[in-house]
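Every read-out reported here was derived from the displayed coordinates using simple, explicitly stated rules and does not represent laboratory data. Here the structure is a predicted model, which is why all the values come from computation and not from measurement. Virtual Cβ from ideal backbone geometry, glycine too; neighbours counted across all protein chains shown.
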Amino acid sequence: MNRRVVITGLGLVTPLGADVDAVWARLIAGDRGVTPPRRYGADRPPTRAVGEITTPIDGDPRSCFAQQAAASALAQAGIVSGDHPRAGVMLGAGPGANRVEDVDRFLDAEGVFDAVAYGRSANACAEESLVRSPAEQPASQIATAFGIGGP
């Protein structure tokens, strides 16, 4: 079965900003958005350069940023909150979304973070993280906030 998918709105929250046009302009200008860490672990970071989003937030960062990006995409598409029974929410997350472990064990003698060892860690997904921060939480909150009830 071939179905067409049309993207009618974009939304993002990145270290380069949260406005699609502004982020695109910064990318074209060569900005990378990678800086020394300022928010999480600034006193003892596991790495020296991060793509950190410094926007003030109140709550779970994944859910806050996902909801902000969704609001922007829906507004750009001209979709208002309401009853949308055929629309659905799908959200992808990169590695580390459910990791709650001590990163100190992945620092070498000079304090440099070993991302390869971290990625191969047998304890990559801490059991309690699935309860404390379930992977579906941001998508569920977006669907609830904007009345999206489809698959």
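Using modelled backbone amide H atoms (1.01 Å from N, in-plane), which distant-in-sequence or interchain residues come within less than 5 Å of I79's amide H?
Under 5 Å from the amide H of I79: no residue qualifies.
Taking amide H positions as placed 1.01 Å from N in the peptide plane, with prolines and chain starts having none, which residues 5 or more places from V50, or on another chain, fall under 5 Å of its amide H?
The answer is T35.
Could you calculate the FRET efficiency of A117 with A25 from 1/(1 + (r/R0)^6), where r is the beta carbon distance between them and R0 is 41 Å, rounded to 0.05? Before the final figure, lay out each step's value.
Numbers: r = 37 Å, r/R0 = 0.90.
Once the sixth-power term is evaluated, E becomes 0.65.
Mind giving me the nanometre distance, one decimal, between the label points for A145 and M1, set 7 Å out from Cα along Cα→Cβ?
3.1 nm
Evaluate the distance, in nm, between pseudo-label points positioned 7 Å from the Cα of R48 and of D60 along their respective Cα→Cβ axes.
3.5 nm
Could you give the length gained on full extension between V80 and A109, defined as 0.36 nm per residue of separation minus the Cα-Cα distance, in nm? Spell out each step's value before the answer.
Values: separation 29, 0.36 × 29 = 10.44 nm, distance 5.29 nm.
Difference between extended and current length: 5.1 nm.
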